[in-house]
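Student: Take a look at the following structure, please.
The values are calculated or read from the model by the stated rules, or taken from the named source; none is laboratory data. Keep in mind it's a predicted model, so treat the numbers as computed, not measured. Cβ atoms come from the backbone with ideal geometry, glycine included; neighbour counts cover every protein chain shown. The area values use the complete protein model at the heavy-atom level, side chains included, leaving out ligands, DNA and RNA. Shrake-Rupley method; radii C 1.70, N 1.55, O 1.52, S 1.80 Å.
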Amino acid sequence: MTSRIGVVTFPGTLDDQDALRAVRIAGAEPVSLWHRDKDLKQVDAVVLAGGFSYGDYLRAGAISRFSPVMGTIIEQARAGLPVLGICNGFQVLTEAHLLPGAMLRNNHLHFICRDQKLRVENAETAWTSDYEQGQEISVPLKNMDGRYVADERVLDELEAEGRVAFRYLDGNPNGSLLDIAGITNAAGNVVGLMPHPEHAVEPLIGTGGTDGLGFFTSVIKKLVTS
């Protein structure tokens, strides 16, 4: 049976169609999810796509965190549902406390848009198993509020437990502490990162490579074997 992967659209989401396309290219059935619907339509995994939900009012992701769909996602994520938050989706996951820490304005106070090299630090999550630990990949990065911060206790826990999933290489683009580009929860089913793997799944667009496709093939393999 083909895995079903849902992609949530909030008001102001920009990259939901790209994420749906990435799911389809990877071999799963893409399912559109609307933020006001609590029903996840029996999907096997969820992607919170990038954009500027609710115009980033208050804080990026702060309003979306209270959308009806998030109540269901939070409950099911805690029960093991694979959830990937990309850019604004990562911000929503921190606001929902599915991932620790917070996202602040880039330290240089400018929007940044460029291809970004990353190092895979954890290849054992539901979304990263098709990579190798230490592998270097390149995916697009585009954000204004992309600076990951957390207190010293959280940072120490992330490092000690191997929960830093990705780290920036060739320069820190936004001032994120410890060069953190993405993290995972302790169970490995919830992953958030600021760069956009859905823009690097076919040679025609994005970086001109397919370094981001592994996120989506990883979770499909996880669903098939679980």
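Student: Collect the residues in the stretch 188-204 that are over 20 Å from Leu104 (Cα atoms) and at pLDDT 95 or above, keeping them in residue-number order. Break it down into steps so the answer makes sense when it comes.
Tutor: Here is the first cut: in the stretch 188-204, the ones over 20 Å from Leu104 (Cα atoms) are 188-190, 197-204.
Result: Gly188, Asn189, Val190, Pro197, Glu198, His199, Ala200, Val201.
Student: Take Ser53 and tell me if it is open to solvent by less than 60 Å² (accessible area, probe 1.4 Å), more than 23 Å from Gly209 (Cβ to Cβ), polar (S, T, N, Q) and without any contact (Cβ under 8 Å) to a residue 60 or more places away in the chain. Working first, answer last.
Tutor: Working: open to solvent by less than 60 Å² (accessible area, probe 1.4 Å): yes; more than 23 Å from Gly209 (Cβ to Cβ): yes; polar (S, T, N, Q): yes; without any contact (Cβ under 8 Å) to a residue 60 or more places away in the chain: yes.
In short, yes.
Student: Further, regarding this structure: Looking at the stretch 15-46 only, could you name the residues that are touching a residue at least 60 places away in the same chain (Cβ under 8 Å) and within 17 Å of Phe90 (Cα to Cα)? Before the answer, list the steps.
Tutor: In the first step, residues of the stretch 15-46 are kept if they are touching a residue at least 60 places away in the same chain (Cβ under 8 Å); the result is 15, 18-19, 21-23, 25-28, 44-45.
Across the stretch 15-46, the qualifying residues are Asp15, Asp18, Ala19, Ala45.
Student: Of the conditions (1) in contact with a Lys or Arg (Cβ under 6 Å, 6 or more places away or on another chain); (2) open to solvent by 30 Å² or more (accessible area, probe 1.4 Å), Phe111 fails just one. Which one is it?
Tutor: All conditions are met except number (1).
Student: Also, I was wondering about something else. State which residue is farthest from Phe111 (Cα to Cα) when the search covers only the stretch 166-187 and only residues that are open to solvent by 30 Å² or more (accessible area, probe 1.4 Å) and in a loop (DSSP other than H, G, I, E, B).
Tutor: Quick first cut of the stretch 166-187, residues open to solvent by 30 Å² or more (accessible area, probe 1.4 Å) only: 167, 170-172, 177-179, 186-187.
Filter once more, so that each one left must be in a loop (DSSP other than H, G, I, E, B): 170-172, 186-187.
Details: Asp170: 18, Gly171: 16, Asn172: 14, Ala186: 31, Ala187: 32 Å.
Among residues in the stretch 166-187 that are open to solvent by 30 Å² or more (accessible area, probe 1.4 Å) and in a loop (DSSP other than H, G, I, E, B), the one farthest from Phe111 (Cα to Cα) is Ala187.
Student: For the stretch 203-226, enumerate the residues that are touching a residue at least 40 places away in the same chain (Cβ under 8 Å) and closer than 15 Å to Asp115 by Cβ.
Tutor: In the first step, residues of the stretch 203-226 are kept if they are touching a residue at least 40 places away in the same chain (Cβ under 8 Å); the result is 206-207, 209, 211-224.
Answer for the stretch 203-226, where residues must be touching a residue at least 40 places away in the same chain (Cβ under 8 Å) and closer than 15 Å to Asp115 by Cβ: Gly206, Thr207, Gly209, Asp211, Gly212.
Student: Asp211 fails exactly one of the following numbered conditions: (1) assigned to a helix (DSSP H, G or I); (2) open to solvent by 30 Å² or more (accessible area, probe 1.4 Å). What is the number of that condition?
Tutor: For Asp211, the exception is condition (1).
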